[in-house]
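J.: Before I ask anything, let me first share the structure, which is written out below as structure tokens.
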Amino acid sequence: MNIGLIGSGGREHAICQKIFESRSVDRIFCIPGNAGTSKIAINIKANILNFKEIHKIVKTNKIDLVIVGPEEPLVKGLVDFLIKKKIKVFGPSKYAAKLEGSKAFMKKLCEKNNIPTAKFKICKNLTQVKEFLKISKLPIVVKADGLAAGKGVTICSSSEKVHNISREIFNGKFRSSKKLVLEEFLIGKEVSYFIIVDKNNFKFFGTAQDHKKVKEKDQGPNTGGMGAYSPAPIVNKSLEKKIIYKIVKPTLRALKKSNNHYRGFLYVGLMVVKREPFLIEFNVRMGDPECQVILPRLNSDFIKIIYNAVIDNLRRIKIKWKNEKSMTIVLCSKGYPGNYKKDVLITKINKIKFDKKVKIYHAGTKLKDGDVVSTGGRVLNFTSTGNSFFKIRNLILKSLKMLNWKAGFYRKDIGWRVINKR
Ligand code: AMP
Ligand code: GLY
């Protein structure tokens, strides 16, 4: 089978590696991929929002199955487009992708189906914002309705800030939508729960804990994710049952009822308050960098799982997991999530012999005259597995030190919640 993988981040390199290890795969095409994927797949440059271009690549290269990594093409309807052209594709439809593409859609679905989530109000103007402020306690979370590349959420500790951020959104700061959602601020423990879904069934696909803040001790602005670990010990059997019965099943049932069944990975972002799960967000894809810690723990053939999800046969297959723990630390360009330099050479990456247990998933990289150069804010994901988070982290930090990339930085405290101070 020939596989087409859409995307170019660390998540896609981790997926690409699993596809590469799959027994039923002939050729892999990464659209557009990065320097890491170019070693195990054929990278094809393309605009992933130009669906006609993608379709042409699929046809020319006799691609049998397309897997979509990032949210934007999903929210804009790539899956519907390819299905119409009779192409096999893994990912949710445009309608189902609204779970991530519109916070207002997700919140309304929660309200209708009694799914636990923070109290909220959908607002289209400042009068509605003032009404919510009158009846709510600070801090208040302001969320842009549409996709905002991780920049759409602000936690506000004053009414003035709520007004200012709301005004910016109403004025069109995020092109995807001029609506917003105001939410009560939940205090608890955050965790991500993943499933893979087909028309009839779903299966567990791991848990992880991301670290969104740029600085150690969870300080500074939000990023796409500075590191993660898996599994997240907070998810025990009793919490998992609540997640499934209170959140996952009612959501999938509601979509099915409106004739818009879900298919794809579903990322359930939760806040656990006094052992009760509250839905913070849905993402209609794997997380990045969560994928980079979940996939190394997978002990089943990845393409077999994906293919069976596409033909609605998930029920028949068993997904096995390794007993190991896993962690990733993201090496970023200095300045990220603000401005940073591009095209900086990562001199030693191909010269150093890193420990065999350390895998490096590329994110914002490309090849330039045979050398690896940085192209993005998040550049490389140093990942490893083992029995102790403490030992895994030490091994990763040692490798990052060896690389000693002067244009980069990383958090040294990933996993602080599960690593006891010594
Ligand atoms: P989101 O894009 O909705 O996941 O929000 C980004 C981050 O903001 C989340 O990962 C949380 O850390 C935080 N957040 C969002 N909503 C809330 C809330 N209602 N209460 C507390 N923190 C929140
Ligand atoms: N790491 C957060 C996300 O993928 O949305």
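The values are calculated or read from the model by the stated rules, or taken from the named source; none is laboratory data. Only a predicted model underlies this, so the values are computations on that prediction, with no experimental measurement involved. Here the Cβ is made from the backbone with ideal geometry for all residues, glycine too, and neighbour counts use every protein chain on show. Side chains included, ligands, DNA and RNA excluded: accessible areas come from the protein's heavy atoms. Shrake-Rupley method; radii C 1.70, N 1.55, O 1.52, S 1.80 Å.
J.: In the range 274-299, which residues are more than 18 Å from Lys143 (Cβ to Cβ) and of a type in the set (Val, Ile, Thr)?
T.: Result: Val293, Ile294.
J.: Would you confirm, using the coordinates I've provided, whether Lys121 is part of a strand (DSSP E or B), at pLDDT 95 or above and within 23 Å of Ile280 (Cβ to Cβ)?
T.: yes
J.: Which residue is surrounded by the fewest Cβ atoms within 10 Å (Cβ to Cβ), if the candidates are limited to the range 227-257 and must be touching a residue at least 24 places away in the same chain (Cβ under 8 Å) and hydroxyl-bearing (Ser, Thr, Tyr)?
T.: Ranking the qualifying residues of the range 227-257, first place goes to Ser238.
J.: Related question: With respect to Lys366, is the statement that it is surrounded by fewer than 20 Cβ atoms within 10 Å (Cβ to Cβ) and over 20 Å from the mean Cα position of the chain (by Cα) true?
T.: Criteria not met by Lys366.
J.: Okay, next question. Inside the range 248-274, can you point out the residues that are β-branched (Val, Ile, Thr) and either under 13 Å from Lys112 (Cα atoms) or outside any helix (DSSP H, G or I) (or both)?
T.: The answer is Thr251, Val268, Val272, Val273.
J.: Which of the residues that make up the range 50-77 are part of a loop (DSSP other than H, G, I, E, B), under 23 Å from Lys304 (Cα atoms) and open to solvent by less than 60 Å² (accessible area, probe 1.4 Å)?
T.: Asn61, Ile63, Gly69, Pro70
J.: If Gly224 satisfies all but one of (1) within 16 Å of ligand 2 (Cβ to nearest atom); (2) part of a strand (DSSP E or B); (3) buried (at least 16 other Cβ atoms within 10 Å of the Cβ); (4) not acidic (Asp, Glu), what's the number of the condition it fails?
T.: Checking Gly224 against (1) within 16 Å of ligand 2 (Cβ to nearest atom); (2) part of a strand (DSSP E or B); (3) buried (at least 16 other Cβ atoms within 10 Å of the Cβ); (4) not acidic (Asp, Glu), the one that fails is (2).
J.: Can you run down the residue pairs with Cβ atoms below 8 Å, 6 or more apart or on separate chains, where the first is in the range 184-212 and over 18 Å from Ser300 (Cβ atoms) and of a type in the set (A, V, I, L, M) and the partner is within 13 Å of ligand 1 (Cβ to nearest atom) and open to solvent by 40 Å² or more (accessible area, probe 1.4 Å)?
T.: Once the first residue is over 18 Å from Ser300 (Cβ atoms) and of a type in the set (A, V, I, L, M) and sits in the range 184-212, its partners that are within 13 Å of ligand 1 (Cβ to nearest atom) and open to solvent by 40 Å² or more (accessible area, probe 1.4 Å) give Leu186/Phe278.
J.: State which residue pairs qualify: first residue in a helix (DSSP H, G or I) and at pLDDT 95 or above and inside the range 23-44, second residue surrounded by fewer than 24 Cβ atoms within 10 Å (Cβ to Cβ) and not aliphatic (A, V, I, L, M) in any location, beta carbons under 7 Å apart, and separation of 6 or more residues or different chains.
T.: What qualifies is Thr37/Asn43.
J.: So, one more: What is the residue count in the range 358-372 for residues that are without any contact (Cβ under 8 Å) to a residue 60 or more places away in the chain and either within 14 Å of Val293 (Cβ to Cβ) or in contact with a Lys or Arg (Cβ under 7 Å, 6 or more places away or on another chain) (or both)? Working first, answer last.
T.: Within the range 358-372, the first condition is being without any contact (Cβ under 8 Å) to a residue 60 or more places away in the chain, and the residues that meet it are 358, 368-371.
Pick out the ones that are also either within 14 Å of Val293 (Cβ to Cβ) or in contact with a Lys or Arg (Cβ under 7 Å, 6 or more places away or on another chain) (or both) and you get 358.
Number satisfying all stated conditions: 1.
J.: Name the residue that is farthest from Gly91 (Cα to Cα), counting only residues in the range 171-188 that are modelled with pLDDT under 95 and surrounded by fewer than 17 Cβ atoms within 10 Å (Cβ to Cβ).
T.: The residue in question is Asn171.
J.: Out of all the residues in the range 197-216, which are more than 16 Å from ligand 2 (Cβ to nearest atom) and under 23 Å from Cys291 (Cα atoms)?
T.: Val197, Asp198, Lys199, Asn201, Phe202, Lys203, Phe204, Lys215, Glu216
J.: When only residues in the range 116-130 that are more than 13 Å from Val181 (Cβ to Cβ) and more than 22 Å from the chain's Cα centre (by Cα) count, which is surrounded by the fewest Cβ atoms within 10 Å (Cβ to Cβ)?
T.: Thr127
J.: Condition (residue is touching a strand residue (DSSP E or B) at 6+ places or on another chain (Cβ under 9 Å), in contact (Cβ under 8 Å) with a residue 40 or more places away in the chain, open to solvent by less than 40 Å² (accessible area, probe 1.4 Å) and not in a helix (DSSP H, G or I)) applied to the range 78-90: is it met by at least one residue?
T.: So far as the range 78-90 goes, yes, one or more of its residues are touching a strand residue (DSSP E or B) at 6+ places or on another chain (Cβ under 9 Å), in contact (Cβ under 8 Å) with a residue 40 or more places away in the chain, open to solvent by less than 40 Å² (accessible area, probe 1.4 Å) and not in a helix (DSSP H, G or I).
J.: Which pairs do you get when a residue that is of a type in the set (D, E, K, R), found in the range 265-284, comes within reach of a residue that is within 12 Å of ligand 2 (Cβ to nearest atom), reach meaning Cβ atoms under 6 angstrom, with the pair 6+ apart or on two chains?
T.: Filtered contacts from the range 265-284: Glu281/Gly269.
J.: Given (1) out of contact with any Pro (no Cβ under 8 Å at 6 or more places or on another chain); (2) within 16 Å of ligand 1 (Cβ to nearest atom); (3) not in a helix (DSSP H, G or I), where does Pro277 come up short, assuming only one miss?
T.: That leaves (1) as the condition not met.
J.: Please verify whether the range 133-143 includes one or more residues that are within 11 Å of Leu182 (Cβ to Cβ), open to solvent by less than 20 Å² (accessible area, probe 1.4 Å), more than 16 Å from ligand 2 (Cβ to nearest atom) and assigned to a helix (DSSP H, G or I).
T.: So far as the range 133-143 goes, no, none of its residues is within 11 Å of Leu182 (Cβ to Cβ), open to solvent by less than 20 Å² (accessible area, probe 1.4 Å), more than 16 Å from ligand 2 (Cβ to nearest atom) and assigned to a helix (DSSP H, G or I).
J.: Is there a residue in the range 157-170 that is closer than 29 Å to Gly415 by Cα and either surrounded by fewer than 18 Cβ atoms within 10 Å (Cβ to Cβ) or within 15 Å of ligand 1 (Cβ to nearest atom) (or both)? Walk me through it before giving the result.
T.: Taking the range 157-170 and keeping what is closer than 29 Å to Gly415 by Cα, we get 157.
Next, from what is left, pick out any that are either surrounded by fewer than 18 Cβ atoms within 10 Å (Cβ to Cβ) or within 15 Å of ligand 1 (Cβ to nearest atom) (or both): 157.
Among the residues of the range 157-170, at least one is closer than 29 Å to Gly415 by Cα and either surrounded by fewer than 18 Cβ atoms within 10 Å (Cβ to Cβ) or within 15 Å of ligand 1 (Cβ to nearest atom) (or both), which makes the answer yes.
J.: Considering each of Ile15, Ile48, Ile87, Ile67 in turn, give the residue that is of a type in the set (A, V, I, L, M) and over 18 Å from the mean Cα position of the chain (by Cα). Working first, answer last.
T.: Working: Ile15 fails: over 18 Å from the mean Cα position of the chain (by Cα); Ile48 fails: over 18 Å from the mean Cα position of the chain (by Cα); Ile67 fails: over 18 Å from the mean Cα position of the chain (by Cα).
Only one candidate qualifies: Ile87.
J.: In the range 101-110, how many residues are open to solvent by 20 Å² or more (accessible area, probe 1.4 Å) and within 16 Å of ligand 2 (Cβ to nearest atom)?
T.: 1
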